[in-house]
Each structure stands twice: as C-alpha cells, then as structure tokens.
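Student: Below: one structure in structure tokens.
Please treat every number below as a calculation from the coordinates, not as lab data. As the structure is a prediction and not an experimental result, all values here were calculated from the model. When we count neighbours, we look across all protein chains shown, and the Cβ atoms used for this are built from the backbone with ideal geometry, even at glycine.
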Amino acid sequence: MKRYDLDLVGRTVGVSGAAGFLGRAIVQGVLTQGGDICMFDLDEKRLHDFKNDLVLSGFSSDRISFYTIDLSSLKVGDCFDMFAESRCNCLVNNAAFVGTSELEGWCVPFEGQCLDTWRKALEVNLTSNFTLSKDFVSSLSGAKGAIVNIDSIYAHLGPDWNLYEGTEMGNPAAYGVSKAGLVQLTRYLASTLGPTIRVNTVAPGGIERGQDLKFQQRYRQKTPLRRMATEEDVVGTVLFLLSSLADYITGQSIKVDGGYIIT
Ligand SMILES: NC(=O)c1ccc[n+]([C@@H]2O[C@H](COP(=O)([O-])OP(=O)(O)OC[C@H]3O[C@@H](n4cnc5c(N)ncnc54)[C@H](O)[C@@H]3O)[C@@H](O)[C@H]2O)c1
C-alpha cells in the first residue's frame with residue numbers, strides 16, 4: 001500500500017524573504033520535513049542570526065545556505081549561481097512589500113499613494129518573481145522542480161474599507177495589483193514549464209500580528225472560521241505544494257483564508 005507522507009527529503013528549497021515572519025516559518029517547516037534550505041533576503045543580519053538560531057535548535061549547518069539579495073534591482077542572471085551552487089530544485093517566492101512596509105506613499109489613502117512606490121512594489125512583488133523564476137529554471141537545466149508563489153486574498157478581491165474605518169491601517173492599490181499579476185504569472189509558468197516544473201500559488205488571508213483591535217474584530221466577524229490566519233496555517237499548504245503529495249497540482253491558487261473569500 002502507498003504511504004502518503006509529506007516528505008521533503010531530496011528537495012532544496014530557495015525561499016525569498018526568508019528573514020520575514022512567514023519566510024522564517026516556511027524555512028523551519030521545510031527543514032523539519034527533511035528538505036534543505038537556501039534562504040535569501042535583503043536583511044543580511046537577520047538571515048545570519050536566523051541561521052544561527054536554526055543550528056542551535058539542532059538543524060545541521062550544511063543544510064542551510066543564505067544569500068543577501070535586493071529584489072528591487074534584480075537582473076536576469078543575478079541569481080543563477082545562487083540556485084546552481086545550492087542545488088535548488090524548489091523555489092518559494094515569498095518576499096514582498098506588505099501592509100506594514102514603511103514606504104512613502106504606500107499604506108495611505110489612494111490620493112496619497114505615489115507612483116515611485118507603485119513602481120517599486122511592482123518590481124519587488126511581481127517583476128522579481130519573473131526574474132527569479134528564469135534563473136531558477138535555467139539552473140535546473142531540465143530537472144524536475146516546483147515553484148510556489150505567495151499571493152494574497154487581495155489578488156482576488158478588492159479591499160472592504162469598512163474593516164479599516166477608524167484605524168491607521170491601509171491597503172495600497174499596488175499590493176493587490178502585484179499579487180494579481182503573480183497569480184497570472186503562475187498560470188503562465190504552469191502551462192509553459194509543465195510537465196517538468198509545477199507552479200502554484202498560496203493566497204493567505206490576513207495574518208494576526210497585533211493589528212488594531214477594531215480591524216481584527218471586524219475581520220473575524222467576516223471570516224467563516226472566525227479568526228485571522230497564523231503563519232503555521234499557511235506553511236502547511238506551502239509544504240504540501242512542494243511535496244510529492246501535490247504531484248498532479250499545477251497552475252492553482254490555494255486560498256488559506258478561513259473562508260474569507262467566499263463571504
Ligand atoms: N502578513 C499577512 O497578513 C499576509 C497576508 C497575505 C499574504 N501575505 C504575503 O506573505 C508574504 C510574506 O509576508 P510577511 O507578512 O511574512 O512579510 P514580512 O515583511 O515579515 O517579510 C517580507 C520579507 O521580504 C523581504 N524583502 C522586502 N523587500 C525586499 C527586497 N527588495 N529584496 C529582498 N527581500 C526583500 C523583507 O526583508 C522581509 O524579510 C508576502 O508575499 C505577503 O504579501 C502576507
């Protein structure tokens with residue numbers, strides 16, 4: 001009888017934004033399930049400290065490499081050596097400017113959102129995924145692989161401004177637009193790179209991180225499972241899509257949102 005295990009032995013997973021909240025949880029999940037890791041992010045110190053923490057908690061240093069990379073100025077070819085040296089056969093495009101990123105003209109009402117920031121967000125949240133995917137695919141040179149892109153419910157929905165009323169929180173146009181582009185890039189790559197490489201996205205709902213309590217309460221009320229997401233909720237689906245359990249899944253966007261999107 002076939003056993004169905006979520007086993008990542010033999011997979012080396014490149015994770016962008018690996019120093020961030022979700023990135024760190026994905027890295028820990030991959031290592032726990034037997035995969036190796038190549039972490040990359042803008043923030044060298046956080047990557048370095050995180051690797052030390054992982055080694056202290058018992059993961060072998062040989063299974064973890066890290067690279068400092070700025071996705072806002074990436075050219076095709078910049079990441080080829082990183083993928084080849086670390087023998088990545090999986091890629092998780094997780095880095096992005098998010099609601100809490102401190103950029104001018106970002107998380108403010110539409111009238112205040114500025115063009116420079118819109119362009120920068122599209123560069124980091126969308127264009128870098130095109131560039132990284134090209135280098136990843138060339139470094140694989142025909143071997144099997146998997147890509148998981150992290151999108152968002154806001155790739156699929158407009159913001160409900162009632163949630164934000166009376167809070168300092170915002171939802172920039174470029175965020176949802178970049179994530180919607182990523183969903184289409186996923187479909188394009190899935191139909192182009194199959195049958196060798198599977199490409200999917202995971203769309204998390206809002207992750208609870210001490211947001212304004214009014215927002216949290218309204219968000220929970222709208223969500224069938226009556227809570228916001230945790231990083232761990234999202235990691236399970238990422239690991240599943242990287243594993244052989246998902247061998248017949250490509251081109252999909254799986255929502256991990258407690259049902260938010262159906263209301
Ligand atoms: N937090 C949420 O509620 C939520 C909801 C839906 C989707 N997501 C998605 O999940 C992913 C992770 O989000 P998070 O909440 O963990 O964010 P985070 O801010 O904790 O992590 C993002 C990481 O990306 C890195 N990064 C940003 N700009 C970069 C650049 N130019 N070059 C290289 N690295 C760069 C940051 O250094 C950071 O470590 C994002 O794609 C986000 O859009 C988050």
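Student: To the nearest 10 degrees, how steep is helix 231-242 against the longest Cα principal axis of the chain, on a 0 to 90 scale?
Tutor: The angle comes out at about 40 degrees.
Student: Do any of 134/179; 144/255; 179/222; 222/255; 75/120 go past 20 Å between their Cα atoms, and which?
Tutor: From the list (134/179; 144/255; 179/222; 222/255; 75/120), the Cα-Cα distance tops 20 Å for 144/255; 179/222.
Student: On C-alpha positions alone, give me the angle between the axis of helix 173-193 and the longest principal axis of the chain, in degrees, nearest 10.
Tutor: For 173-193 against the chain, the angle is about 30 degrees.
Student: So if each residue of separation counts as 0.36 nm, and I subtract the Cα-Cα distance between residue 72 and residue 217, what length gain in nm does that give?
Tutor: Fully extending the segment from residue 72 to residue 217 adds 48.7 nm.
Student: With +1 on each Lys and Arg Cβ and -1 on each Asp and Glu Cβ, how big is the dipole of segment 12-262 about its Cα centre, in debye rounded to the nearest 20?
Tutor: 720 debye
Student: While we're here: What distance in nm separates the simple spin-label points at residue 115 and residue 247, each placed 7 Å from Cα in the Cβ direction?
Tutor: 5.2 nm
Student: If you don't mind, another one. For segment 12-262, what relative contact order do you get, as a whole percent, if you take Cα pairs closer than 8 Å and at least 6 residues apart?
Tutor: Relative contact order, segment 12-262: 19 percent.
Student: Right, here's the next one. Starting with the fewest neighbours, write out 207, 150 ranked by other beta-carbon atoms found within 10 Å of each beta-carbon.
Tutor: Arranged by neighbour count, lowest to highest, 207, 150 become 207, 150.
Student: By the scheme Lys and Arg +1, Asp and Glu -1, what is the net charge of all other residues having a beta-carbon under 13 Å from that of residue 168?
Tutor: Net of charged neighbours comes to -2.
Student: Counting other beta carbons within 10 Å of each Cβ, put 178, 253 in order, fewest first.
Tutor: Ordered by Cβ neighbours within 10 Å, fewest first: 253, 178.
Student: When the Cα centres of segment 9-26 and segment 79-115 are compared, how far apart do they sit, in Å?
Tutor: Centre-to-centre (Cα) distance: 14 Å.
Student: What angle, in degrees between 0 and 90 and rounded to the nearest 10, separates the Cα long axis of helix 21-32 from the longest principal axis of the Cα atoms of the chain?
Tutor: 30 degrees
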